[in-house]
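Below: one structure, written as structure tokens.
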Amino acid sequence: MGANSTSRIKSIADLDRAVIKCTACPRLVDWRQEVAITKRKSYENEKYWGKPVPGFGPADAKLIIVGLAPGAHGANRTGRIFTGDSSGDWLYKALHKAGLAKIPTSKAKDDGQELIDTRIICAVRCAPPDNKPSIEEKITCAPFMKREIELLLPTAKSFLVLGNFAWTALISQLIELEFEIPKPKPKFAHGAKFEVISPQGKKFKVVGSYHPSQQNTFTGKLTEKMLLGAIKTARG
């Protein structure tokens, strides 16, 4: 099953299974599998996941965190989003401090980590070369994101968006879902926030944060205090 047949999916569990089976983007399939075979030297004795990565967190989440895509040696290795790399170290530590994660680390799928009232999803589900999916790949994968949001809407109250790519992707999906969006479209910035309204009249908060990538955390563009602050603002 590819992303375009998601309308028939009725549960988060079924969506996760469909994501894992997807082979719709040849370049991404080749890349994720190549990385899983060649590996990084420090992980040479580990078996890589090497497949699309589903969302993580309960199906009745109140907070939806939106990221870009799996990391080549993080989620593409471990099979859990934001797990096994420095971005994940930052995110789960902050989520734990905010009372939204059971433990402060996320190292492997069997490490006992659980999210509380929170689910993490991604705009693209396969690790892309140089962390840059093509426009066509974004479009091909978008129905997974749209359907996951739809399935989470009954309990969701807010979105925390990590980075400009995810910000743009989320706004596109909310427009597809016929949400009322402020005009002009809100621009991404750390701490940016706005409200959207579903066709049923339900209000949701959207909050932006810089992505906890090494590029941002090593340079001090994003600090632990800033990330925790954005999480707390989104959580309400």
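Read-outs throughout are calculated quantities, based only on the coordinates presented, and are distinct from any laboratory measurement. This one's a predicted model, so the numbers in the text were calculated from it and none came from an experiment. Every residue, glycine as well, gets a Cβ built from its backbone with ideal geometry; the counts of neighbours run over all protein chains shown.
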Qualifying residues in region 198-219 (those that are farther than 24 Å from Ile81 by Cα and touching a residue at least 24 places away in the same chain (Cβ under 8 Å)) - the one nearest to the chain's Cα centre (by Cα): Ser198
Only one of Pro199, Pro184, Pro212 that is within 21 Å of Gly71 (Cβ to Cβ) and either among the basic types (Lys, Arg) or in a loop (DSSP other than H, G, I, E, B) (or both): Pro212
Number of the exception - Gly220 against (1) assigned to a loop (DSSP other than H, G, I, E, B); (2) touching a strand residue (DSSP E or B) at 6+ places or on another chain (Cβ under 6 Å); (3) farther than 25 Å from Pro133 by Cβ; (4) not charged (D, E, K, R): (2)
Cβ-Cβ under 7 Å pairs, at least 6 apart or on other chains, region 220-236 side touching a residue at least 12 places away in the same chain (Cβ under 8 Å), far side part of a helix (DSSP H, G or I): Leu222/Asn216; Glu224/Ala94; Leu227/Trp90; Leu227/Ala94; Leu228/Ala94; Leu228/Lys97; Ile231/Ala94; Ile231/Leu95
Enumeration of residues in region 148-205 that are of a type in the set (Phe, Trp, Tyr) and under 18 Å from Asp60 (Cβ atoms): Phe159, Phe204
Count of region 56-76 residues which are in contact with a strand residue (DSSP E or B) (Cβ under 9 Å, 6 or more places away or on another chain), assigned to a loop (DSSP other than H, G, I, E, B) and surrounded by 21 or more Cβ atoms within 10 Å (Cβ to Cβ): 5
Options Thr118, Thr105; residue that is in contact (Cβ under 8 Å) with a residue 40 or more places away in the chain, under 19 Å from Trp90 (Cβ atoms) and either of a type in the set (Ser, Thr, Tyr) or exposed (fewer than 15 other Cβ atoms within 10 Å of the Cβ) (or both): Thr118
Test: residue in region 84-97 that is farther than 28 Å from Val29 by Cα, surrounded by fewer than 22 Cβ atoms within 10 Å (Cβ to Cβ) and free of Cβ contacts under 8 Å to residues at least 60 places away in the same chain: yes
Residue within region 153-171 that is assigned to a strand (DSSP E or B) and small (Gly, Ala, Ser) present: yes
Top-ranked residue in region 37-55 [being assigned to a loop (DSSP other than H, G, I, E, B) and of a type outside the set (D, E, K, R); ranked as farthest from Thr140 (Cα to Cα)]: Asn45
Single residue of region 184-197 satisfying the filter (surrounded by fewer than 15 Cβ atoms within 10 Å (Cβ to Cβ) and within 24 Å of Ile135 (Cβ to Cβ)) that is farthest from the chain's Cα centre (by Cα): Pro184
Count - residues of region 21-55 that are closer than 15 Å to Arg77 by Cβ, of a type in the set (A, V, I, L, M, F, W, C) and either under 19 Å from the mean Cα position of the chain (by Cα) or buried (at least 16 other Cβ atoms within 10 Å of the Cβ) (or both): 5
Qualifying residues in region 109-127 (those that are within 17 Å of Gly84 (Cβ to Cβ), assigned to a strand (DSSP E or B) and aliphatic (A, V, I, L, M)) - the one nearest to the chain's Cα centre (by Cα): Ile120
